[in-house]
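The values are calculated or read from the model by the stated rules, or taken from the named source; none is laboratory data. Given the structure is predicted, the values throughout are model-derived calculations rather than measurements. Glycine also receives a Cβ, built like all others from the backbone with ideal geometry; neighbour counts cover every protein chain displayed. These accessible areas exclude ligands, DNA and RNA; they are computed on the full protein's heavy atoms, side chains included. Shrake-Rupley method; radii C 1.70, N 1.55, O 1.52, S 1.80 Å.
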Amino acid sequence: IWDGRMPRLIVAFLVGFSLAAAGCIMQGLFKNPMASPGVIGISSGAALGAVIAIYLGLAARSLFALPLSAVAFSMLTLMMVFAIATCRGFTSISTLLLAGIAINLIFGALTSFVITLSTREFDVGRVIITWLMGDLNNRSWDHVHIVFPTTLLAYLGTLFFVKDLNVLMIDEETAANLGVNIRLARNALLFFSALQTGGAIAVSGVIG
């Protein structure tokens with residue numbers, strides 16, 4: 001129970017918690033109840049990073065290679081989307097959304113390409129497909145140690161911007177008039193959302 005079921009239970013709880021919190025941030029920023037980390041490509045970026053780690057054999061050599069790759073690619077995705085959506089120091093939410101959808105499709109295509117390459121090696125291809133379907137089997141305390149820090153750090157960071165997020169849900173003009181640093185709050189919240197999403201996907205695979 002302690003070494004088999006308990007780690008899997010805790011990982012499932014932390015993954016669900018992370019994705020729910022990340023989704024809450026996205027829904028608040030985009031003022032859309034359908035928004036999720038996948039909207040701006042964070043999920044597909046993390047998935048691509050993990051798939052590359054599996055394909056190159058890095059995941060087989062080290063337990064931490066896959067999560068590091070997933071988190072790194074989720075952050076890379078966030079920076080790419082911001083670079084596309086930012087012009088003259090101003091980041092448009094609508095452009096951010098459109099850039100995220102585009103990056104999401106591109107990374108999805110790249111993931112499919114890596115899967116196609118991996119079909120030459122049955123075991124590697126099977127691992128990638130199983131991981132992309134989402135998997136909580138054989139989760140250990142090591143996986144808990146991977147997802148717990150990202151969940152805790154992102155959650156505590158988000159708490160500092162909860163009031164700002166509540167005001168941003170009204171509109172940015174009102175938030176600015178009330179003294180909210182819109183750029184700082186939005187960037188920080190998106191960073192914490194990406195961190196939680198990357199950490200969750202790293203240990204469970206892709207979960208919609």
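Here are some notes:
- Here is the list for region 1-78: trypsin sites (Lys or Arg not before Pro) lying in DSSP coil, each with at most 14 other C-beta atoms within 10 angstrom of its C-beta, are Lys31.
- Across all Cα atoms of the chain, the radius of gyration (one decimal) and Dmax (whole number) stand at 17.5, 59 Å.
- Counting only protein heavy atoms and a 1.4 Å probe, region 58-152 has 59 square angstrom of accessible area per residue.
- Per-atom-type breakdown for the chain gives carbon and sulfur 69% of the accessible area (1.4 Å probe, protein chains only).
- When Rg and the Kirkwood radius Rh are both evaluated on Cα atoms of region 1-75, their ratio Rg/Rh stands at 1.07.
- Listed residues Ile170, Leu110, Leu152: farthest to the positive end of the dipole of region 97-208 (Cβ charges): Leu110
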